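Accompanying notes for the structure given below.
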Amino acid sequence: MINQRLFQRQFQRQFQRSRLMATLGGSAVKFVMFAAICLQFNVAEAAKSRDGYGLWLDYQPITNTREREGYIKALSPWLVEGEAATADIIRQELTAALGAMLGVEAGPVGDSTHNSLAHPMARLLVATPEESAVIRSLALGDALTRVGQEGYLIKTTRYRDKPITIVTANTHAGLLYGTFKLLQLLQTGQAVSNLAIESAPATKLRVLNHWDNLDRYVERGYAGESIWNWHKLPHYKSQRYYDYARANASIGINGVVLNNVNADPLMLTPQYLVKVKALADIFRPYGIKVYLSVKFSSPNLIGGLPTSDPLDKNVQAWWQAKANEIYTLIPDFGGFLVKANSEGQPGPGDFGRSHAQGANMLADALAPHGGNVMWRAFVYNVEANVERSKQAYNEFKPLDGTFRQNVLVQVKNGPIDFQPREPFSPLFGAMPKTPLMMEFQITQEYLGFSTHLVYLGPLYEEVLKADTYAQGAGSTVAKVVDGSLYGHGITGMAGVANIGSDRNWTGHIFGQANWYVFGQLAWNPEASTKQIADDWIRMTLTRDDKAVNTIRAMMMASRETAVNYMTPLGLHHIMGWGHHYGPAPWIGEQKPDWMREDWTSVYYHSANATGLGKDRTASGSNAIAQYHAPLRQAYSDPKTTPTQLLLWFHHLPWHYELANGNSLWHELVARYYLGAQAVAEMAKTWDGLEANIPPQLFKQVQMALAIQTQEAAWWRDACVLYFQSYSKQSLPEGFAKPKHSLEYYKGLSFPHAPGDGR
């Protein structure tokens, strides 16, 4: 990023040269002058190529003279103490960022020892107490204890009667996070003259789940091939790996699952483990651990054993030996992610064992090394005759308290599968003795892929702020996830990555915002996604206040807009089969024998001549019983069920009257048309922002919005016509007739839609 390929090579060569010069008595000024030349070249190149590669770290010059001079006065010159690899990364970041944003005046100081006592003129000091006598003299012990191993302090103070800004932490990872936070303040135009920031992550495992296969195909990926080139690893270390690690570190992500949950057992073979080691070595200075998805049947498939039964002593020994092998190569390996007994994946259920018995076997193998197991609760194989939204709860709640201490049960935010809107999973608040790890989608599997502008911050926030009432009012999902509700020491949040080999990383520029907001909420689940959107816009697109306000409003409304043109009023799972592209509420009307009912659309919307919606009350599947009071009571009555979840919990007559006076049919049609119209208006709004957005970024989004406008109308027309075939009612007055027939939409085919899992 910021053309790091060229810059890092130049900077690293000159950095080593400057250290030699200092040792020989040379002046650090020579180094600053060279760095300034490099940065001027680098900024000029970056300005020409603002195409999305730089993400939110595409540092742009601050043009407000007063603001720029204030930053220079507060932060220049600067010093990073210490010899660790992370300290060198921080030096590179400050050199690039302050040079690009502020100009050559923002130079580093230092000698071969990077000693702050030798350079009292430094205005910005970045160091741990262990490495800096100045930091130790400031008596920050209590605050450093509060921020723990990954948190940081950013503080304006005085040293030797002169003002100084410090970034300090107990670890180098904390220093890196604090440095990125300081740079974010500059990028977003905030004051730095009187800082007192104390920040620590709410969750310990903040992880991206890559659904990447060894052949570089990405399941549910919409931004090109996998960024991992397994064929060239371990010897060819792409610059993109470093840029990826840097981006993750900037938002506090500290773990990466490299491969698909539908895992290939080859990943655990020596041939691939040395490749994993190469990535782990790159990521380590950025505070990032690597994890692997594993196939539960690996002892049989690659280990030569006749079984993979978790209670078999030979199977246990195989996993212990495999863990020892991995940790010999990668001492800080994070652990395993497991998808078991779901969608055809093998698991302990194949041998009559429980999920806990399977997870505990792996946990015991990892425990001596400090590793963790993330065991997914996305299961719906075991009880095929039970309504799908209930199955994970039924399977896992009885196991509460039976998992090892280094096991987290990873639960999707809703009880089905990353739908545009779902209620939160009832497992949150149902397993007080087990740490539950949130799993969000970042990739937009059910939300238009990478051509629909859908900011997922409001979705994440809606779920995290939802009250489970597990221990009375205020027992939010966020408090379950961060461990505070039940006192769990191990906590986590996972996001299914939307990252690929596309130049702009995520296919859609605004897809970057979903990566960004995930990291911010994993650090602080209570954060405002509106403020996060504001920061991302200023860091990525523009700092013009009027344009920022306009774009932020677009982003905050975009998720609700998508729900309206796709699945309003609690509808869900009515997309195309397999690839999940586009509307297909008719899937299942003529079901082949091999297709499960709960893979069809008709299973979920239950449309018929009398009405629409899935009855999950006591008169139906009774899924409401899995929620705590008073939610259970509220969801049992359509009059007290939130309108946005009405058809999730109830099958209602077409003439059912909503609180606004509309019939169900009228409101359904109105929502579909409202959503499509909102996308068209969003496209027009974006067109009016051309003067404020870098040309390549503007054009990318403009093209995507044109596609989204067409596809929103497609969703609207196909769904309205389909449900009209059951309601037998005319379109309400004022709504234009769809352009095509229902048969036309049913006949559309997309044999090579991306991300279908093959």
Tell me which of these S293 doesn't satisfy, since it passes every other one: (1) of a type in the set (S, T, Y); (2) within 20 Å of G371 (Cβ to Cβ); (3) open to solvent by 10 Å² or more (accessible area, probe 1.4 Å). (3)
Just need a number here: residues in the range 134-161 that are within 38 Å of the chain's Cα centre (by Cα) and either over 24 Å from I288 (Cβ atoms) or part of a helix (DSSP H, G or I) (or both). 16
Filtered residues of the range 254-290 (kept if open to solvent by 40 Å² or more (accessible area, probe 1.4 Å) and assigned to a helix (DSSP H, G or I)): L266, P270, Q271, V274, K277, D281, R284
Those residues of the range 375-428 that are surrounded by fewer than 21 Cβ atoms within 10 Å (Cβ to Cβ), aliphatic (A, V, I, L, M) and not in a loop (DSSP other than H, G, I, E, B) come to a total of 1
Is it the case, given these coordinates, that A191 is open to solvent by 10 Å² or more (accessible area, probe 1.4 Å) and either on the phi > 0 side of the Ramachandran plot or part of a helix (DSSP H, G or I) (or both)? no
Could you grab me the full set of residues in the range 623-634 that are surrounded by 19 or more Cβ atoms within 10 Å (Cβ to Cβ) and without any contact (Cβ under 8 Å) to a residue 60 or more places away in the chain? I624
Check A478 against each of (1) part of a helix (DSSP H, G or I); (2) under 14 Å from the mean Cα position of the chain (by Cα) and name the one condition it does not meet. (2)
Could you tell me how many of the residues in the range 50-69 are charged (D, E, K, R) and assigned to a loop (DSSP other than H, G, I, E, B)? 3
Taking the range 195-253, which residues are surrounded by fewer than 22 Cβ atoms within 10 Å (Cβ to Cβ), over 19 Å from V294 (Cα atoms), in contact with a helix residue (DSSP H, G or I) (Cβ under 8 Å, 6 or more places away or on another chain) and of a type in the set (F, W, Y)? Y241, Y242
Exactly one condition in (1) open to solvent by less than 10 Å² (accessible area, probe 1.4 Å); (2) free of Cβ contacts under 8 Å to residues at least 40 places away in the same chain is not met by P568; state its number. (2)
Mind listing whichever residues of the range 579-610 are small (G, A, S) and either touching a helix residue (DSSP H, G or I) at 6+ places or on another chain (Cβ under 7 Å) or open to solvent by 20 Å² or more (accessible area, probe 1.4 Å) (or both)? G582, G588, S606, A607, A609
Step by step: first the residues of the range 728-758, then only those that are of a type in the set (A, V, I, L, M) and in a loop (DSSP other than H, G, I, E, B), then the one that is surrounded by the fewest Cβ atoms within 10 Å (Cβ to Cβ). Which residue is that? A736
Among the residues of the range 536-565, write down those that are of a type in the set (D, E) and either buried (at least 24 other Cβ atoms within 10 Å of the Cβ) or part of a loop (DSSP other than H, G, I, E, B) (or both). D544
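The values are calculated or read from the model by the stated rules, or taken from the named source; none is laboratory data. Since the structure is predicted, the reported quantities are computational estimates derived from the model, not experimental observations. Note: ideal-geometry Cβ built from the backbone for every residue, glycine included; neighbour counts use all protein chains shown. Protein only, heavy atoms only, side chains kept; ligands, DNA and RNA dropped before computing areas. Shrake-Rupley method; radii C 1.70, N 1.55, O 1.52, S 1.80 Å.
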